[in-house]
């Protein structure tokens, strides 16, 4: 399959966008991502992929727990906030309303649709992203949920390009 064909297929899929947050040794991190999927029913497992270029990736190497916040079509500003800045240069949580979460996780108050996860494994196959396989500790959601889609965020310039990854294969 050519790269153009893959891009066409993935554009048609138009995945829901999420913000992942975590904390390790008192250091908070979070970023926007679109690579994620349920990976087990019994037990309940979920996978998500982090860019090696991101500050969140480096913090995740030391983190055990994560929160995935499912963005709604009303959360474009939040997607821009977490998707266009680097945690190396700014505190992404400054000015964002947070709730203290399970396991000390920073939870985005504006995003009630979320999962709290415990890391099981991290898979690095040498690409520009790593896969975190997790166990679902809790799932939260209420009201109507219309997800923010990749096609609504494609115009955002990421805080780092994938070529800036910290560890080259």
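The values are calculated or read from the model by the stated rules, or taken from the named source; none is laboratory data. Note that this is a predicted model, so its numbers are computed, not measured. We place every Cβ from the backbone using ideal geometry, glycine too, and count neighbours over all the protein chains shown.
Is it the case that some residue within region 53-66 is part of a strand (DSSP E or B) and over 21 Å from residue 100 (Cβ atoms)? No, because not a single residue in region 53-66 is part of a strand (DSSP E or B) and over 21 Å from residue 100 (Cβ atoms).
Any residue at all in region 9-18 that is in a strand (DSSP E or B), modelled with pLDDT of 95 or more and touching a strand residue (DSSP E or B) at 6+ places or on another chain (Cβ under 8 Å)? Yes - at least one qualifying residue is present in region 9-18. Does region 154-161 include one or more residues that are within 18 Å of residue 15 (Cα to Cα), in contact with a strand residue (DSSP E or B) (Cβ under 7 Å, 6 or more places away or on another chain), surrounded by 15 or more Cβ atoms within 10 Å (Cβ to Cβ) and modelled with pLDDT under 95? The answer is no, given that none of the residues of region 154-161 is within 18 Å of residue 15 (Cα to Cα), in contact with a strand residue (DSSP E or B) (Cβ under 7 Å, 6 or more places away or on another chain), surrounded by 15 or more Cβ atoms within 10 Å (Cβ to Cβ) and modelled with pLDDT under 95.
Entry remark, region 82-116: residues being part of a helix (DSSP H, G or I) and at pLDDT below 90 number 2 in total. The number of residues in region 117-138 that are outside any loop (DSSP other than H, G, I, E, B) and without any contact (Cβ under 8 Å) to a residue 40 or more places away in the chain comes to 3.
To keep it simple, each residue is scored yes or no on (1) in contact (Cβ under 8 Å) with a residue 12 or more places away in the chain; (2) within 14 Å of residue 28 (Cβ to Cβ).
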position: 45; (1), (2): yes, no
position: 77; (1), (2): no, no
position: 87; (1), (2): yes, yes
position: 111; (1), (2): yes, no
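Among the conditions (1) in contact with a helix residue (DSSP H, G or I) (Cβ under 8 Å, 6 or more places away or on another chain); (2) closer than 17 Å to residue 57 by Cβ, residue 111 misses just one, which is (2). Candidates 60, 51, 39: the one that is crowded, with 16+ Cβ neighbours inside 10 Å, on the phi < 0 side of the Ramachandran plot and at pLDDT 95 or above is 60.
If only residues of region 126-138 that are at pLDDT 95 or above and more than 14 Å from the chain's Cα centre (by Cα) are counted, the one that is surrounded by the fewest Cβ atoms within 10 Å (Cβ to Cβ) is 138. Residues in region 1-33 that are out of contact with any helix residue (DSSP H, G or I) (no Cβ under 7 Å at 6 or more places or on another chain) and within 21 Å of residue 111 (Cβ to Cβ) were compared, and the one that is surrounded by the fewest Cβ atoms within 10 Å (Cβ to Cβ) is 16.
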